[in-house]
Amino acid sequence: MSAPAIDRLPAGLARRIALAAQGFADPRPSADIGVRQLRRVVDRLAVVQIDSVNVLSRAHYLPAFSRLGSYPRAALDDLTARRHAVFEYWAHEASFLPVRLHPYLRWRMAAAEQHAWGNMVRLQRERSGFVAEVLERVRAEGPLKAGELLEGRRERSGEMWDWHAGKVALEWLFFTGAVTATHRTTSFEKVYDLTERVLPAAVLQAPTPEPADAVRELVRTASRALGVATERDLRDYFRLKPAAARTAVQELADAGELVPVEVAGWGSPAWLDPEARRPRRIRAQALLSPFDSLVWERPRVERIFGFRYRLEIYTPAAKRVHGYYVLPFLLGDQLVARADLKADRKAGVLRVQSVHGEPGIDRPTVAAALAEELRLMTEWLELDEVGVTGAGDLASDLARASGTARTDVAI
């Protein structure tokens, strides 16, 4: 029997499928954006990455803004910290996830010694009694911040994240699932409590799947969030091991839940969610966080959009090409520009520290759309105005889009 014919997708269609899967084929709501719309975004993406950098906004707030426009950030806090419709765990990186996925990550919690960081594993092995004492303190006293366990002089760990022993113990307990985050404080400090006191009972009582079944569900979830993807894309979404992910992909393909396809120009076999939308046109307009699931996997971004994107936060300032906190700008179905943004909260200004356009764009059109999006972001961040500097090849166009040829002005 001959192998079934493999569908061939034009690159443009694959790009639109990927954008639709990520929520960019839907028009933004015109009003009354609240918990229901936010829950839909989280359910669609499945993974909303968390990051502490706050030069513009905490990372987890930005994906919903990119897809919905100006929404009340308190509504997302309500979803995460009061309703507990999502939970925090290590998925792609530190992430918010729908609570339905909790059972499918318990295998990772159970195998913490294989997946957790060295200082966590080392503390548990060398000072298991201390870890047990920390757990008992949470049990007896209720929600706890790591700072409350910092006593006396700190011992430097030498790790990238220089956590004190109390923080390391809490993070070990967090990784194993014994505790979870109730919420984050305004300074972004994690507050821990027993998992059974935080997550809904129905979630906790759900049976724990076998690891292979859990990985298969995570790959299935990733395929729906990505639309069309390589095997590497699918496993990267939840940072799965290659062998387990490949097995899951093949099982889903055998069941007809993934369709093998060839995408023009990709150079790698790909898999299509058979239920993925195939829009004829995308009318999106959005600034994207560096940690947005549409762009966090840089090789995928380059493959789909022809857009070379690197996060330069850890690059010395003199060596940065585009800036510190650079957001790609999506217009239609293309990434057409990038802007280094900073929320100067004291001055009430959204500062565009540099802005660069991609080759071949219609510069006035892109500048006008970007100016509109920046005004919307300014309103959402409760700032007063946008300030454009002269840095970047699109800066003058962006300033003109506001009705003036000057730079360092408010839009």
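Observations on the model:
- Residue in region 267-283 that is among the β-branched types (Val, Ile, Thr), open to solvent by less than 20 Å² (accessible area, probe 1.4 Å) and under 20 Å from Gly332 (Cα atoms) present: yes
- Hey, Arg8 closer than 16 Å to Ala222 by Cα and open to solvent by 20 Å² or more (accessible area, probe 1.4 Å) or not: no
- Of all residue pairs spaced 6 or more apart or on separate chains, those with beta-carbon atoms under 6 Å, a first member in region 95-121 that is farther than 20 Å from Ala85 by Cβ and touching a residue at least 40 places away in the same chain (Cβ under 8 Å) and a second member that is of a type in the set (Asp, Glu) and not in a helix (DSSP H, G or I) are Asn119/Glu159.
- Residue within region 173-187 that is part of a loop (DSSP other than H, G, I, E, B), open to solvent by less than 60 Å² (accessible area, probe 1.4 Å) and modelled with pLDDT under 95 present: yes
- Selected residue (criterion: farthest from Arg220 (Cα to Cα)) from residues of region 233-263 that are open to solvent by 60 Å² or more (accessible area, probe 1.4 Å) and touching a residue at least 60 places away in the same chain (Cβ under 8 Å): Glu262
- The residue that is most open to solvent (accessible area, probe 1.4 Å), among those in region 324-339 that are touching a residue at least 40 places away in the same chain (Cβ under 8 Å) and within 21 Å of Gly387 (Cβ to Cβ), is Tyr324.
- When Ala202 is tested against (1) closer than 30 Å to Ala20 by Cβ; (2) open to solvent by 10 Å² or more (accessible area, probe 1.4 Å); (3) in a helix (DSSP H, G or I), only condition (1) is not met.
- Restricting the search to helices (runs of 4 or more DSSP H) fully inside region 93-151 and requiring at least 2 residues that are modelled with pLDDT under 95 gives 112-115, 118-126, 128-141.
- Qualifying position, being in contact with a strand residue (DSSP E or B) (Cβ under 6 Å, 6 or more places away or on another chain) and modelled with pLDDT of 95 or more, among Val249, Val263: Val263
- Residues that are outside any helix (DSSP H, G or I) and either modelled with pLDDT of 95 or more or at positive phi (or both), drawn from region 32-43: Asp32
- Residue check for Ala31: more than 18 Å from Arg184 (Cβ to Cβ) and surrounded by 16 or more Cβ atoms within 10 Å (Cβ to Cβ): no
- Candidate set: region 47-68, residues that are small (Gly, Ala, Ser) and assigned to a loop (DSSP other than H, G, I, E, B); chosen: the one surrounded by the fewest Cβ atoms within 10 Å (Cβ to Cβ): Ser52
- The single condition among (1) modelled with pLDDT under 95; (2) under 24 Å from the mean Cα position of the chain (by Cα); (3) open to solvent by 10 Å² or more (accessible area, probe 1.4 Å) that Glu217 does not satisfy is (1).
- Positions within region 394-408 being within 15 Å of Leu341 (Cα to Cα) and either open to solvent by 50 Å² or more (accessible area, probe 1.4 Å) or at pLDDT below 90 (or both), in sequence order: Asp408
- Residues that are under 17 Å from Gln37 (Cα atoms) and assigned to a loop (DSSP other than H, G, I, E, B) were ranked within region 76-92; the one that is most open to solvent (accessible area, probe 1.4 Å) is Arg83.
- Close contacts from region 285-302, counting a first residue that is more than 16 Å from Tyr325 (Cα to Cα) and open to solvent by 30 Å² or more (accessible area, probe 1.4 Å) and a second that is at pLDDT 95 or above and of a type in the set (Lys, Arg), with Cβ to Cβ under 8 Å and a gap of 6+ residues or different chains, come to Pro299/Arg232; Glu302/Arg308.
- Odd one out for Val355, checked against (1) open to solvent by less than 10 Å² (accessible area, probe 1.4 Å); (2) part of a helix (DSSP H, G or I); (3) in contact with a helix residue (DSSP H, G or I) (Cβ under 8 Å, 6 or more places away or on another chain): (2)
- Qualifying residue in region 344-352 (condition: among the acidic types (Asp, Glu) and either surrounded by 17 or more Cβ atoms within 10 Å (Cβ to Cβ) or within 18 Å of the chain's Cα centre (by Cα) (or both)): no
- Residues that are of a type in the set (A, V, I, L, M) and either farther than 18 Å from Leu62 by Cα or open to solvent by less than 20 Å² (accessible area, probe 1.4 Å) (or both), drawn from region 358-380: Ile361, Val366, Ala367, Ala368, Ala369, Leu370, Ala371, Leu374, Met377
- When Ser52 is tested against the conditions (1) modelled with pLDDT of 95 or more; (2) under 14 Å from the mean Cα position of the chain (by Cα), the lone failure is (1).
- Subset tally (residues that are out of contact with any Leu (no Cβ under 7 Å at 6 or more places or on another chain) and open to solvent by 20 Å² or more (accessible area, probe 1.4 Å)) for region 95-106: 3
The values are calculated or read from the model by the stated rules, or taken from the named source; none is laboratory data. These figures come from a predicted structure and were not determined experimentally. Here the Cβ is made from the backbone with ideal geometry for all residues, glycine too, and neighbour counts use every protein chain on show. Side chains included, ligands, DNA and RNA excluded: accessible areas come from the protein's heavy atoms. Shrake-Rupley method; radii C 1.70, N 1.55, O 1.52, S 1.80 Å.
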